[in-house]
Amino acid sequence: MPKTKYDKEYNVKQYLRERFFPHIWCPGCGHGIVLGSLLRAVEELGLDPTEIVMTSGIGCSARISGYVNFHSLHTIHGRALAFATGVKLSTPKLNLIVPMGDGDALAIGGNHFIHAARRNIDITAIVMNNRIYGMTGGQFSPLTGYGQKATTAPYSTIDNEFDVVKLATAAGASFVARSTTFHATECIDLIKKAISHKGFSVVEIFSQCPTHYGRKNKKGDASNMMELYKKTTVPIGSKKLEQDPSLIERGIFVDNKEAPEYCDEYEKIIQTAMKGRA
Amino acid sequence: MNNKIKFVQGNEACVEGALYAGIDFFAGYPITPSTEIAELLSMELPKRAGKFIQMEDEIASMAAIIGASLTGHKVMTATSGPGFSLKQEALGYACMAEIPCVIVNVQRGGPSTGNPTHVSQGDINQAKWGTHGDHSIIALTASNHQDVFEMTVEAFNFAETYRTPVILLFDEVIGHMREKITIPEQGDLAVVQRLRTSVKKGVDYHPYLPREDGRLPMSDFGSEHRYNVTGLFHDMWGFPSNNPKVVRELLHHLVDKIDNNVDQITRHREYWLDDAEYVLVSYGSSARSAIHLAKNRRKRGNKIGVLELQTIWPFPKELVRRKCAGARAVIVVEMNMGQVLHQVKSAVDNPASVFLANRIDGKLISPTDIKTLLRVIQGKGV
Amino acid sequence: MGKLKLKEHLIGRNWCKGCGICVHFCPKSVLELDDEDKAVAVRPEDCIYCKLCELRCPDLAIEVKIQKEDENE
């Protein structure tokens, strides 16, 4: 028997709005694996569902918020982190989890992403990187990268991609991690740590889109795409990087527990203001 | 008398009104000529344990106040022309998801960057139709600082009563001019509090099922009832639906809850209308010149009156029709190319008797500007 | 603590979209897709309850139920 800590039984259905299942995602879409990992993380942490606000934007990823029986705020494209900032600062006891797609996080919502990171407000952003705009039918995204095919790049893309980890780190996020849907147990662990972390936390999860990105770029079916995640990624600092620097690192890149959190800092402003000092 | 007398800018009168109404969350982005509102609230809110946040842009500010309203707070943002344009998508979201919030637009010249430090009233139609899709909206304005204070309190009250965004359409002259206000005691003016559901834990709560009186009791994020909020058409639980019946009924509800209450929402002032042969219809800083002119002409025996609108949307058609019914001519006084003029023409019995006295060059319209037109209408020449 | 043993693979046929991820990655080839493209446990006796099918199922359609060997049933 393999060594696994998953001999315990999960009950993710307790958090689901089951009447909306089966979900709308395509067969093999990685987003469902992310949803599963997220709910297992919530279960392991024993969070109170009445203290979780799932805030999302628009797109395939954003549909997560409707499926979970937490407070759910399905907003407009790209602005989820700005809505979440209002929820969090007004009521800091709430846990804010923001599932985001490529566009929400880094195109239309890129400004909110870097500023939420800069403030280090206690919100968990889960960037579901599928390298495509899925809901609108397969246009390239800021995570597609150079030389790929998409419905708006029939001759191949000339746009470079963002590195989510580097961007989040540079912008000031105090917890930054990366994993893939192949590494589902790692995802659970990273999401748990991200939610527990006090400050702005980013977990990038490579999530396959077999319907659009995979098909356009001849990556095979969902299983093949997950095999690619296995082959092309390694834990941070792996020796394999010496032979093959093109490998992508997984794990926790930033875990800064000292960085002041925004709501805590605002509490100090209130204390100062109430004493009548400007 | 314990009332507090202050000498303030219009923007400060707005802040005083918001504090009186119980604002406890503000998000904004600096923009002339509204910035003083953000500056003052950054000072005042933390003294009351309220929250102020300067967001990364106007869109984010609008989004943040919606988020904070959902946790049970009284929220506001303030902006001007270009910023008001940026807020439109999220404003539509607040209409659709029925989230109480107040948006101040201290109007400046447009389109585009336009005339940032000068006055205009060019955003009247944008306030109503700036966001896409059918909907209704409440927009209020005022011509003096006491009224700025009171209309700001009303804006918060209407936002809570009708679960809707309310727009305060001030203008640069009102925002930056200084005059006296008297701040009433708490209790002197009605302040409407958030209507929260009495549905107990474990009982099915319908966040989007109106009561018989049309109001929808809310449940704060963080309390027992976990429901969905979306900008999609939605059922009574807040879950997305494209069922034609659900879509049609929701759209009717969004429009009717405001348009059917136009009498409750209408605020106005009137001066010398009883025997007026000439009625000046105006609002905001333009109304100051209209009132000034009418007062002076009355001394000379001219029968001139002023109808000052404080509620712009929903447009008080019946009020305007009634007040203008006996007039030989109606002159709409405003600083745009006839945005309220169009509404007045469609309200009165004789649209041909309605004229526009306007100014669009960034300068406050003067009594002389209005008088010139009046003399032409009267056949007296310039 | 008693030894663990498999109780059952609970597979929600309405939720399963037949993507085949569980079949592809099962280390013991316990699972297959049936005629309707739904996952079924055809060799449950080989299951080592690593639960990777459950954790990687994008449709949240699989639960691997286990029990202690000395438990009744």
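Across region B:53-67, what is the total count of residues that are part of a helix (DSSP H, G or I) and either at the interface with another protein chain (Cβ under 7 Å from one of its Cβ atoms) or more than 17 Å from B:T131 (Cβ to Cβ) (or both)? Summing the residues that are part of a helix (DSSP H, G or I) and either at the interface with another protein chain (Cβ under 7 Å from one of its Cβ atoms) or more than 17 Å from B:T131 (Cβ to Cβ) (or both) in region B:53-67 gives 7.
Entry remark, region A:84-100: residues being in contact with a His (Cβ under 9 Å, 6 or more places away or on another chain) and part of a strand (DSSP E or B) number 1 in total.
Taking region B:204-303 as the region of interest, the helices (runs of 4 or more DSSP H) fully inside it that hold 1 or more residues being touching a residue at least 60 places away in the same chain (Cβ under 8 Å) and either farther than 30 Å from B:M177 by Cβ or hydroxyl-bearing (S, T, Y) (or both) are B:244-259, B:284-299.
Of all residues in region A:217-253, those that are among the aromatic types (F, W, Y) and more than 14 Å from chain C (Cβ to nearest Cβ) total 1.
Residues checked against (1) within 10 Å of chain A (Cβ to nearest Cβ); (2) outside any strand (DSSP E or B); (3) surrounded by 20 or more Cβ atoms within 10 Å (Cβ to Cβ); (4) out of contact with any Leu (no Cβ under 6 Å at 6 or more places or on another chain):
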{"site": "C:E8", "(1), (2), (3), (4)": "no, no, no, yes"}
{"site": "C:W15", "(1), (2), (3), (4)": "yes, yes, no, yes"}
{"site": "C:C22", "(1), (2), (3), (4)": "yes, yes, yes, no"}
{"site": "C:P27", "(1), (2), (3), (4)": "yes, yes, no, yes"}
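Does B:S366 qualify as being out of contact with any Gly (no Cβ under 7 Å at 6 or more places or on another chain), within 30 Å of B:A159 (Cα to Cα) and of a type in the set (S, T, Y)?
On the way: out of contact with any Gly (no Cβ under 7 Å at 6 or more places or on another chain): yes; within 30 Å of B:A159 (Cα to Cα): no; of a type in the set (S, T, Y): yes.
The answer is no for B:S366.
Considering region B:70-93, the residues that are more than 8 Å from chain A (Cβ to nearest Cβ) and among the hydroxyl-bearing types (S, T, Y) include one that is nearest to B:M151 (Cα to Cα), namely B:T77.
From the residues in region A:71-84 that are out of contact with any Phe, Trp or Tyr (no Cβ under 7 Å at 6 or more places or on another chain) and of a type outside the set (A, V, I, L, M), which one is surrounded by the most Cβ atoms within 10 Å (Cβ to Cβ)?
Here is the first cut: in region A:71-84, the residues out of contact with any Phe, Trp or Tyr (no Cβ under 7 Å at 6 or more places or on another chain) are A:72, A:74, A:77-80, A:82-84.
So of that shortlist, the ones also of a type outside the set (A, V, I, L, M) come out as A:72, A:74, A:77-79, A:83.
Values: A:S72: 24, A:H74: 27, A:H77: 17, A:G78: 27, A:R79: 29, A:F83: 32.
Ranking the qualifying residues of region A:71-84, first place goes to A:F83.
Scanning region C:29-51 for residues that are out of contact with any Pro (no Cβ under 8 Å at 6 or more places or on another chain) and facing chain A (nearest Cβ under 10 Å) turns up C:D37, C:Y49, C:K51. So which residues in region A:145-158 are in a loop (DSSP other than H, G, I, E, B) and in contact with a strand residue (DSSP E or B) (Cβ under 6 Å, 6 or more places away or on another chain)? Hits for region A:145-158 are A:T151, A:T152.
Kindly establish whether B:F221 is buried (at least 16 other Cβ atoms within 10 Å of the Cβ), within 20 Å of A:V68 (Cα to Cα), within 14 Å of chain A (Cβ to nearest Cβ) and in contact with a helix residue (DSSP H, G or I) (Cβ under 6 Å, 6 or more places away or on another chain). Judged against the criteria, B:F221 is a match. Of the helices (runs of 4 or more DSSP H) lying entirely inside region B:93-200, those containing at least 3 residues that are crowded, with 23+ Cβ neighbours inside 10 Å and either in contact (Cβ under 8 Å) with a residue 12 or more places away in the chain or in contact with a helix residue (DSSP H, G or I) (Cβ under 9 Å, 6 or more places away or on another chain) (or both) span B:145-162, B:172-176.
Give region A:68-82 a look and list any residue that's closer than 21 Å to A:L35 by Cα and either hydrophobic (A, V, I, L, M, F, W, C) or more than 7 Å from chain B (Cβ to nearest Cβ) (or both), or say none. Please lay out each step first, then the result.
Residues of region A:68-82 closer than 21 Å to A:L35 by Cα: A:68-81.
Passing the criteria: A:V68, A:F70, A:L73, A:I76, A:H77, A:G78, A:A80, A:L81.
Tallying residues that are surrounded by fewer than 20 Cβ atoms within 10 Å (Cβ to Cβ) and either more than 9 Å from every other protein chain (Cβ to nearest Cβ) or closer than 20 Å to B:K74 by Cα (or both) within region B:228-241 yields 5.
Test of understanding: among B:D349, B:D361, B:D369, which residue is under 23 Å from B:G175 (Cα atoms), assigned to a loop (DSSP other than H, G, I, E, B) and among the acidic types (D, E)?
Values: B:D349 fails: under 23 Å from B:G175 (Cα atoms); B:D369 fails: assigned to a loop (DSSP other than H, G, I, E, B).
The unique qualifying residue is B:D361.
How many of the residues making up region A:246-274 are surrounded by fewer than 16 Cβ atoms within 10 Å (Cβ to Cβ) and assigned to a helix (DSSP H, G or I)? Total satisfying the criteria: 8. When we screen B:G338, B:G362 for residues that are surrounded by fewer than 21 Cβ atoms within 10 Å (Cβ to Cβ) and in contact with a His (Cβ under 7 Å, 6 or more places away or on another chain), the only hit is B:G362.
Condition check ((1) at pLDDT 95 or above; (2) surrounded by fewer than 24 Cβ atoms within 10 Å (Cβ to Cβ); (3) more than 30 Å from A:T211 (Cβ to Cβ); (4) more than 8 Å from chain B (Cβ to nearest Cβ)) across all residues:
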{"residue": "A:E18", "(1), (2), (3), (4)": "yes, yes, no, yes"}
{"residue": "A:H23", "(1), (2), (3), (4)": "yes, yes, no, yes"}
{"residue": "A:V34", "(1), (2), (3), (4)": "yes, no, no, yes"}
{"residue": "A:G46", "(1), (2), (3), (4)": "yes, yes, yes, yes"}
{"residue": "A:S56", "(1), (2), (3), (4)": "yes, no, no, yes"}
{"residue": "A:G66", "(1), (2), (3), (4)": "yes, yes, no, no"}
{"residue": "A:G86", "(1), (2), (3), (4)": "yes, no, yes, no"}
{"residue": "A:P99", "(1), (2), (3), (4)": "yes, no, no, yes"}
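The values are calculated or read from the model by the stated rules, or taken from the named source; none is laboratory data. Just so we're clear, the structure is a prediction, and the values are computed from it rather than from any experiment. Using ideal geometry, Cβ is built from the backbone for each residue, glycine included, and neighbour counts are taken over all protein chains shown.
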